[in-house]
Amino acid sequence: MILATPAARRRLLERATTIAMIGASPNSLRPSYTVFSYLRRQPEYTVTPINPTIEQIDGVEAFPSLAAYAQERGAPDLVDVFRKPSEVVAVVSDAISAGAKAIWFQYGVINDEAIALADRAGLEIVVDRCMKVEHARFRGGLSTAGLNSGVITSRWKSVPRL
Amino acid sequence: MIKEEREFGFATRALHAGTPPDPATGSRVTPIYQTAAYVFGSTEQAAELFALRSYGHIYSRISNPTVAAFEERMASLEGGLGAVAFSSGLAAQLCMVLAVAEAGDHLVCTQNVYGGTVTQLSVTVKRMGIATTFVPADDLTALRNAIGPQTRLLFVETIGNPSGTVANIRDFASIAHEAGIPLAVDNTFATPYLCRPIELGADLVVHSATKFINGHGTSIGGVLVESGTFPWANGRFPLLSEPSPGYHQKVFTETFGEYAFLMRARAEILRDVGAQMAPMDAWLLLLGLETLALRMDRHVSNAREIAAFLQMRPEVAWVRTPQLGSVFTFGVRGGREAARRFIDALELWSHLANVGDSKSLVIHPASTTHSQLNDDELRKAGVEPESIRLSVGLEDANDLMWDLGNALERAGTS
């Protein structure tokens, strides 16, 4: 099922704790590095790069494949995809085999066949969205930059603990 | 448990968007964060902030919590992806141009725009090597023909100032999009309460926030809102789609996706131009926005009543009854001199160069706001020597008409 609403994406982001990032790059100019660097600093997530060409990024161990990851760590809650659209059908197959519950296609990663495949397997799907941006929408990050978070509330989110 | 989403209405968003209780204190009113800079939590966090990999404030020339609250509220009301606030409407406009164009590029603008815009584009921006072609708003063929390979923007006003002409934004949007360029709309006179250009196909919206958004004439400000739907990577905007020497060789469209324009407008243009909004002004603008819907209803009903009143007066040659908004012009019989006598005889209406105040305002454009324009340019802008521009405020309509009636009698007797 494609998660088309902000509330559905928010639920996914709040439920997930393990994120396997396909195509995460150690090159700081790449968008995938920006997202990796942001997400791995969020205390609620354990983010793991999946990339056969590297050993680690900023000291975080990388796995060569989703299968290798799943063998050691178990099924990831969420697979975040930074790959060419033409290569992502295989990524979805790997995600299904690894037991992932959700798959997130980053900006521009749009492949109808891959989406249909994930949908048939019952995965939650996010398409053409950035995980960093959606996380920041609900945590106040977007609001610091004058971006429309869509959040309207009169509850104090950071009430001190008694 | 998260509730299902709700599409909140305009008045609710005008009160709440961008301003949840202050995260630090629970203060229900957004505090005025009167600070130049922000402490970094660590060297690592500082590095992440500078590299635009994490969110937060560095220095108030680039962002500030009070200003960000105003920006988010404006983005919400206009139906945009985000907004960047500036020190004035003209600063917002200049920075919008700089975000998409460089020396050698070209803009197309409709003729019936604010005199300050004409001067900015035809003198200052031209000196920067960016030329502008001004085309009559009702000549769509001429408009289409004016767009060339170097054109980066089509710029129009929702309501021409002071001509009152209402733009057909859908038509302008199709012309711009056929040519692969964005449509920018100055929505100052309409406000997002009366017109939301992004819903009609516009890509960029600019405001002089000094006017109805502030609503009380207390501060100067500007804001630029972007839709997030324009394809900036279409090959026509290398400033956004090629590595930026101004920001670590980042490719904005690649790194920020739909946020590319807004990130560049802030992280490069606002940073380098330094025309940021002050926190105190943002706070006054947030306060003004809370009553925007109520105020606009009253502005419009008062304006209609006063336009009808003027129509009946023998001293009045003509009235351009407003199709939208509360700023309009009329002509006093007896030309320039009668117009001057009329203004000098007013008691309640304030004679000044502004519009959109809660108080009623009046001006004689030919001798003030449009005095830089020659007779030919004046006519092209829809201004006659006897034109009086009114910005109808929130007073009792009867009191406003009493004052106008007395002054018209005075204008008729030389």
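The values are calculated or read from the model by the stated rules, or taken from the named source; none is laboratory data. Because the structure is predicted, anything quoted here is derived from the model rather than measured. With ideal geometry, Cβ positions are generated from the backbone for all residues, glycine too; neighbour counts draw on all protein chains shown.
A few points about this structure:
- Restricting attention to segment B:304-349, the residues that are in a helix (DSSP H, G or I) and over 15 Å from B:Asp403 (Cβ atoms) add up to 11.
- Filter result (surrounded by 12 or more Cβ atoms within 10 Å (Cβ to Cβ) and in contact (Cβ under 8 Å) with a residue 12 or more places away in the chain) within segment B:309-323: B:Phe309, B:Leu310, B:Arg313, B:Glu315, B:Val316, B:Ala317, B:Trp318, B:Val319, B:Arg320, B:Thr321, B:Pro322
- Within segment B:1-24, if we keep just the residues that are surrounded by fewer than 13 Cβ atoms within 10 Å (Cβ to Cβ) and more than 9 Å from chain A (Cβ to nearest Cβ), the residue that is modelled with the lowest pLDDT turns out to be B:Met1.
- Here segment B:58-68 is the region considered, the condition is being in a loop (DSSP other than H, G, I, E, B) and hydrophobic (A, V, I, L, M, F, W, C), and the residue that is farthest from B:Leu262 (Cα to Cα) is B:Ile58.
- Exactly one residue among B:Ser88, B:Ser76, B:Ser60 is over 15 Å from A:Thr144 (Cβ atoms), more than 10 Å from chain A (Cβ to nearest Cβ), crowded, with 19+ Cβ neighbours inside 10 Å and modelled with pLDDT of 95 or more, and that residue is B:Ser88.
- Residue match in segment A:46-67 (condition: among the aliphatic types (A, V, I, L, M), buried (at least 17 other Cβ atoms within 10 Å of the Cβ) and in contact (Cβ under 8 Å) with a residue 60 or more places away in the chain): no
- Extreme residue, surrounded by the most Cβ atoms within 10 Å (Cβ to Cβ), among residues of segment A:115-162 that are among the acidic types (Asp, Glu) and either closer than 20 Å to B:Ala260 by Cα or without any contact (Cβ under 8 Å) to a residue 60 or more places away in the chain (or both): A:Glu134
- For segment A:112-127, the count of residues that are under 19 Å from A:Arg15 (Cβ atoms), more than 10 Å from chain B (Cβ to nearest Cβ) and part of a helix (DSSP H, G or I) is at least one.
- With respect to (1) within 14 Å of chain B (Cβ to nearest Cβ); (2) at pLDDT 95 or above; (3) more than 18 Å from A:Ala114 (Cβ to Cβ), the lone exception for A:Phe82 is condition (3).
- Matching option when the condition is surrounded by fewer than 18 Cβ atoms within 10 Å (Cβ to Cβ) and either of a type in the set (Lys, Arg) or over 24 Å from B:Leu352 (Cα atoms) (or both), among B:Gly257, B:Gly246: B:Gly246
- In segment B:28-57, residue farthest from A:Val133 (Cα to Cα) [restricted to those that are in a loop (DSSP other than H, G, I, E, B) and facing chain A (nearest Cβ under 9 Å)]: B:Arg28
- Selection within segment A:140-162 - more than 7 Å from every other protein chain (Cβ to nearest Cβ) and at positive phi: A:Gly150
- The residue that is farthest from B:Thr12 (Cα to Cα), counting only those in segment B:260-305 that are more than 14 Å from every other protein chain (Cβ to nearest Cβ) and small (Gly, Ala, Ser), is B:Gly274.
- Meets criteria (away from chain A (no Cβ under 14 Å), touching a Ser or Thr at 6+ places or on another chain (Cβ under 7 Å) and crowded, with 17+ Cβ neighbours inside 10 Å) for B:Leu107: yes
- Restricted to helices (runs of 4 or more DSSP H) entirely inside segment B:166-284, those with at least 3 residues that are within 30 Å of B:Leu361 (Cβ to Cβ) are B:191-194.
- Of all residues in segment A:20-33, those that are in a helix (DSSP H, G or I) and more than 16 Å from A:Ala62 (Cα to Cα) total 1.
- With respect to the conditions (1) surrounded by 16 or more Cβ atoms within 10 Å (Cβ to Cβ); (2) touching a Leu at 6+ places or on another chain (Cβ under 7 Å), B:Val223 falls short on a single one, namely (2).
- Enumeration of residues in segment B:361-414 that are within 26 Å of B:Gly288 (Cβ to Cβ) and either surrounded by fewer than 16 Cβ atoms within 10 Å (Cβ to Cβ) or not hydrophobic (A, V, I, L, M, F, W, C) (or both): B:Pro365, B:Thr368, B:Thr369, B:Arg389, B:Ser391, B:Gly393, B:Glu395, B:Asp396, B:Asn398, B:Asp399, B:Asp403
- B:Ile269 vs. criteria within 19 Å of B:Ala75 (Cα to Cα) and among the β-branched types (Val, Ile, Thr): yes
- Restricting attention to segment B:47-63, the residues being in contact (Cβ under 8 Å) with a residue 40 or more places away in the chain and more than 19 Å from B:Pro23 (Cα to Cα) number 4.
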